[in-house]
Structures are given as structure tokens and as C-alpha cells.
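The values are calculated or read from the model by the stated rules, or taken from the named source; none is laboratory data. Not measured: the values here are computed from a predicted model. Note that we place each Cβ from the backbone using ideal geometry, even for glycine, and neighbour counts take in every protein chain shown.
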Amino acid sequence: MKAIDLELRLPLLLFSGLLAAALGGMPVGEAAEKLFDFGNLNVDVSKIQTKPTGTAGSPTREVKQAPAHQLPSTPDSPAPQVLPRDGQEDIGKTVKAEALKVEPVRVQPAASGQQQVNYPVTENRDIIEVKIAAGSEKRGWFEEAAERFMADPQLNNIGGKPIRIVVDKIGSIKSANLILEGKSMHDGRNEYQVWAPASSVFRGVVEDAFAGRLFETDESVARSPMVFVTWEPVQQAIDQKVQKSMSFDTITETFSRELGGDMLDPNGRTFQFGFTRPQDSNSGAVALIAMAYEFFAKDRSRYKIRTDDLTNPDFQAYLAFMKYMSDQTKTSTGKLAEPLMQAGYGGQPLSSVFVYENLAVKLAYIRRANDPDGPKPIIRYPKYNLISDHPFYTLRHGNSREQVEAAKRFKDFLLTRDMQLLALQKEGFRPVSTEITNEEMNQVFGDFVTENGLVPDLIKASQILIPAQKGEVIQALIQTYSELGDPQGANL
């Protein structure tokens, strides 16, 4: 097994022996492959079979584009819990109560690039290659979709030249840096034809490095909200004592309470929170954006964070406090969730993590299978949320017309009902296709709704959506955070 596969396959392998035993000696590999096939495990598959169209042997391939809005809300779908102190969020009060200070960091302005988009490149090769820089969370889905795409004679060639789809698992920030710094270019050609990060928050960062039209397509192919996942005993204590919906303000107050001697965990464990390193991982960068938005925009709808905001000494002290108090050892979201999947509540130190929703569903499934009577991971949606929209950016720079056309064709294939259903069943992603209904999604998610707090209705799950922020501000925010030292405070 390749090292790059270990990020999410390690928990599969750990659990495969238990699942094989339960299924009467089923081979380990087969059990592992079925572990997150939600359609086969939780659902009456006959209710969500693909809809055949066209004549036998010649199906009509009608492509549904990603909708510009969310799916209609349904009255019977659960909504996030509202707690007594919701609406009382004020991170600044905690900063002052803890007398937090930090050595100020000078906010560096983002450098704007002057690279000229080079398009088109002459296609002089026998195979039209489309190499996709994709986040690890989509690799399994993309690879299976690519196999089906390349096996379809109606799709797999342009002018008789075969199309080859290659999926390169690479972090969203790392791939963004390669592209904007020109390091993805080799002898006038781009190594990548598609950039498929976890979210569009870095779009502006990359585009700012170029003069000219960089992207041919920029559609979302899946959705996954960010969520807090907290072990049930700890979540119950937060609900009872803090009495706020989960947010970074809630995490800050929880830290402050414990520093003052008020231990929340009924089992006497110190509250420990984890999110990924923002300079290495998309979900960590999204966490920073959410922190900044909560700090500056509590009472200002659609606020755009400004570079000058980042010089605020209370804000820098707050970021330093979160950096000091949180687990920052993981460079990817899968690696952050992996120990929780393997060991559960009692076998690892983290009380709560900030991850993609589909990883939270995987965590809930593994813990229920491994330890059905043990503490459950509870999913809670941030009051201020940023939906990871999994964009599919077809790159023009350094690519041929044929490569761009092949990439667009594969994007359309990912948006078909078959492939959207595969993303939902295989990885727990929310579809963007209107051909898959909320009711079908409820069937696939099954018991996780009532048992673990998952909210299938995306409109209800997202109380306040954080608007898109400027690329230069995101760059400056990450840089500022990375340079901050340890804070000082009344209880530190």
C-alpha cells in the first residue's frame, strides 16, 4: 500500500478485521472497500437507483449543472439546536477577561503576481492527459469516476486521441502555492489541468498571481459544511454550562472556564480542541477565517475582513490564545480525524475537532461499529459557517485546447446523477445535482441524523454563511497567525 493512501485507509484497515469477523470471514480487502458505501449499508437501494434514460444500450447523458442556490428546505428536516445564550457571542469579552496579550506581528501585504496566462499550448502528444490536483477527501470518488469515464467510448477520446485522467492527492494550499508560484510549469506546459481544492476560499489568492483569464470552469462538484465534532459527554457539558451553539466563541469560553478551574468534562479530562495547521490545510485556513469573522462581524452582516483589521491587538491576542490552547500537530483534516476514528473518546486526548462533515460521518460510523455502547461523536454546525464547495477549476495556463475540453467533459461527468450519487454513498459528500433529493440524502445518512446530530438540510444546518473574503486578506491572515508567539494572560 502506498504511503499516500494511509491518511484515510488506516482506520479502514484497523476496522476491517472486526467487520470481516462479523460478516463470517469476508476477505479484509472487500470489507474495507464497503466500509463507507452508505448506500449499501444504510439504505433501501431500490429507492435511489439511477434513473435510466434513452434507449437500451444507448443512455442519454443529460448533464445537470451545479445549481446556483441550495436545495429547497424541507419542513420535516431537523434544525441545529438553539441554546439559551445564543446571540451572546463576544470573543472580545473573553480576551479582556483573560487579560490576553501577545507581541504584535506586523501584517504583511500580499504580493500580487504578474504571470501572464499562456494559452493554448500545442497538443503534440498521443494521449490527452488531464491531471487533477485534488484534496485527499475527494481522491477515492475521483479515481472511481475516472475509471468509469475512461471506460466509456462515448467520452474517453477527442478526435481519436484517448483521454487519460490522473488524480494527484495533494493538499489545497500546497497545490495553490505550486500554481501561483509557477512551480507547476515544466518546459512551457502545466503539470496540472485541473485544480480541485476543498473550497474556493483560495481562488482569489491564486488568481491574483496572474494577468489574464486563468480558469475555464469554476463549478462546484460537491459540498461539505464544516462541523465541530465533540464527544457526547463533553458536548452535553458544554450545552449545560456554556449554553451556546458551537462556535469559536464557545470554544474560547470553554478554554477560559477551564483556566479558571471549571472543568467541563464529567470524567475529569482537560478540554482539548484540535484543528489543522492553517498554513498547510484548507480546513485550518477556514477555521482562521471563521475566527476572524466571528471576532469582527458578529453584528455586521456580509462583512468583508480588511487587512487593517488584522493589526487589532485584541484580535492578535485571541489568535495567539487559540494557537496556544489548541492541538496544531496535523497538516491534513484526515490525519486530524484518524486518531478519533481508531481510538474513540477514551483512547486519545482530543475532546473536540473542527473537520469536514463527511469525515464526521465516517468517524460516527466507525465508532458505532467498533464501540456501539461507547460515547458517541456529536456533530454540531458552527453558527458562522463556511461551506466547503469543492470547486473544479479547469486551468488554461500552460494547457492545450484538447486538455481543457477533456477536463470540462470530466467535470460534466462528475455532475451526472450517477457520479453525484457515488460521491454521496462512497464519501458522504452532499450532492450539488438537483437530481438527488433531500429525501434521498436523508435515506443515505440514515441513523446519523438522530444519533449524532447530522442535519441533512443544508439551509437549516447553516445559520449564518460567511461571505467570500479577499485573497490578499486570507494570505495576510495565515501569515500573521503563523508568526504569532505565545500569549500572556491572567491564567496562562
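Things to note:
- Looking at region 439-492, the helices (runs of 4 or more DSSP H) lying wholly inside it that each contain 3 or more residues that are of a type outside the set (Lys, Arg) and farther than 29 Å from Gln279 by Cα sit at 448-452.
- In region 379-398, the condition of being in a helix (DSSP H, G or I) and in contact (Cβ under 8 Å) with a residue 12 or more places away in the chain is met by no residue.
- Test for Ser136: is it outside the structural domain of Glu181 (by TED's automatic domain parsing) and either of a type in the set (Gly, Ala, Ser) or within 30 Å of Asn156 (Cα to Cα) (or both): no
- Val205 being more than 23 Å from Phe448 (Cβ to Cβ), surrounded by 21 or more Cβ atoms within 10 Å (Cβ to Cβ), aliphatic (A, V, I, L, M) and touching a residue at least 60 places away in the same chain (Cβ under 8 Å): yes
- Of the candidates Gly140, Gly171, Gly188, the single residue that is buried (at least 20 other Cβ atoms within 10 Å of the Cβ), touching a residue at least 12 places away in the same chain (Cβ under 8 Å) and either out of contact with any Lys or Arg (no Cβ under 9 Å at 6 or more places or on another chain) or within 23 Å of Leu288 (Cα to Cα) (or both) is Gly171.
- Selection count where residues are assigned to a helix (DSSP H, G or I) and over 13 Å from Phe273 (Cβ atoms), scope region 232-248: 7
- Where Asn124 falls short, out of the listed (1) in contact (Cβ under 8 Å) with a residue 24 or more places away in the chain; (2) assigned to a loop (DSSP other than H, G, I, E, B): (1)
- Residue that is nearest to Gly140 (Cα to Cα) [pool: residues in region 355-377 that are part of a loop (DSSP other than H, G, I, E, B) and either touching a strand residue (DSSP E or B) at 6+ places or on another chain (Cβ under 7 Å) or not charged (D, E, K, R) (or both)]: Pro372
- Residue list for region 143-168, filter: crowded, with 16+ Cβ neighbours inside 10 Å, over 25 Å from the mean Cα position of the chain (by Cα) and assigned to a strand (DSSP E or B): Ile158, Ile163
Residues checked against (1) touching a Pro at 6+ places or on another chain (Cβ under 6 Å); (2) surrounded by fewer than 20 Cβ atoms within 10 Å (Cβ to Cβ); (3) on the phi < 0 side of the Ramachandran plot:
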residue	(1), (2), (3)
Leu395	no, no, yes
Leu422	no, no, yes
Glu427	no, no, yes
Thr437	no, yes, yes
Val455	yes, no, yes
